[in-house]
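This report refers to the structure that appears directly beneath it.
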Amino acid sequence: MSNPIATIDFEKMDGLAPGIVQDARTGQVLMLGFLNQASYAKTLETGFVTFWSRTRQKLWMKGETSGNRLRVISAHTDCDHDTLLFRVEVEGDGLVCHEGTVSCFTRPLPQSAAHQHSATQKEDSRG
């Protein structure tokens, strides 16, 4: 059997790979964090997503203090083997973001006028 850690290209981003976390039941994207080889190995060992904290320079299991741990249901890599996708079941109250929301992706960004015009035209044509 091949070594699963060797299948992830951690070197493209100086030892890190982005890890997208998605709710296995709803499909909602919950958060994005970074993993290195050690945090990926810990994730495989425990069954809970463990990241590498770039600011604290240490491993951290999401939910270790809040109780909102991310139990891995499945894990995939992209075609370039440099990004991970974890489909998870959230333990605890389900509020994954440190700001008290289910998802970290709650802040809309403005779109370009050209994109808004194109989207409006598509909606009008369905009409």
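Values quoted throughout were computed directly from the atomic coordinates according to the rules given, and no laboratory measurement underlies them. Since the structure is predicted, the reported quantities are computational estimates derived from the model, not experimental observations.
By a straight-distance test (C-alpha under 14 Å), which aspartates and glutamates pair with residue 12 as possible cross-link partners, with residues fewer than eight away in the same chain excluded?
78, 80, 82
For region 1-101, what class follows from the C-alpha gyration tensor (a ≥ b ≥ c being the square roots of its eigenvalues): rounded when a/c is under 1.5, otherwise prolate if a/b is larger than b/c, else oblate? Provide the component values of the computation, followed by the final result.
On the way: a/c = 1.74, a/b = 1.42, b/c = 1.23.
It is prolate, given that a/c is not under 1.5 and a/b is the larger ratio.
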